[in-house]
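Bear in mind these aren't lab numbers, they're just calculated from the coordinates by the rules spelled out. This one's a predicted model, so the numbers in the text were calculated from it and none came from an experiment. Glycine also receives a Cβ, built like all others from the backbone with ideal geometry; neighbour counts cover every protein chain displayed.
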Amino acid sequence: MPQTAIFAPFFALMLLTIIVWVYMYVRRIAFIRQHQLSSQDLQSPDALSRIAPMGVVTPANNLKNLFELPVLFYALLLYLFVSNQADPAYLYAAWVFVAFRALHSAVHCTFNLVPLRFLLYLLASIALWFMVMRAFLRYLGP
């Protein structure tokens, strides 16, 4: 397996982040136009969150989520590439992480069923922690 294969899930997660970002702004701008809100109405960082329905607010919350654990994912994948440790197990786990994060985003940005969303988050997190622990143990030695 070429080491660069680890960048496929890396860029897939970046693409997911872009998609959520665009979706968030589509929802926000539509709401702002529909309710004829002015920039004055939205001066406070949480102003929109106080007046908008959940369908407008949750994409922004999901976008914030994509800058939490995924930061560790990006750093780990760069470490694996630089240290020439990317292998099929890491690649598989990385795709599992990305797949469950994509499902988590889909649920969070649409019908937002919290128990399902949490399960998807948990499964993605387990894949990430597997990768982190495996890399850490390998770093410690044979």
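Some notes on this structure:
- The stretch 6-68 and the stretch 70-133 have Cα centres separated by 21 Å.
- Neighbour counts of other Cβ atoms within 10 Å put Arg138, Arg33, Arg117 in the fewest-to-most order Arg33, Arg138, Arg117.
- Normalised by the number of residues in the chain, the mean separation of alpha-carbon contacts (under 8 Å, six or more apart) gives a relative contact order of 31 percent.
- Translational D in µm²/s for the stretch 1-71 (Stokes-Einstein at 37 °C, 0.692 mPa s, Kirkwood Rh from C-alpha pairs): 237
- Residue exposure proxy: Ser125, Ser44, ordered by other Cβ atoms within 10 angstrom of their Cβ from fewest to most, comes out as Ser44, Ser125.
- Between the helical axis of 114-140 and the longest alpha-carbon principal axis of the chain there is an angle of about 30 degrees.
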